[in-house]
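First up is the structure itself, then whatever we jot down about it.
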């Protein structure tokens, strides 16, 4: 029974990016995973696990970028300037 709990715990840890992981660390890990998946000798099962990890990290990075963009927009609006998105157009 303890072994099942350990397996479940490690499974949950893999599914969620580590708490406190920065955007830069997650982005670097995605790049490492992509390099590993690009190897011609990688087994399919391992490639799928690496893909799943990369997918979680990409979602984390997207959320971090969205939060940063929202923060920038709030700061710009606070100063009564044009929103950040309008300047990019």
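Only the coordinates and a few stated rules stand behind these numbers; no lab work does. Everything numeric here is computed off the predicted structure, so don't read it as measured data. Here the Cβ positions follow ideal geometry from the backbone for every residue, glycine too, while neighbour counts run over all protein chains shown.
Points worth noting:
- Failed item, numbered, when residue 26 is tested on (1) assigned to a helix (DSSP H, G or I); (2) loosely packed, with under 12 Cβ neighbours inside 10 Å: (2)
- Screening residue 40 on (1) surrounded by fewer than 11 Cβ atoms within 10 Å (Cβ to Cβ); (2) assigned to a helix (DSSP H, G or I) shows it passes everything except condition (2).
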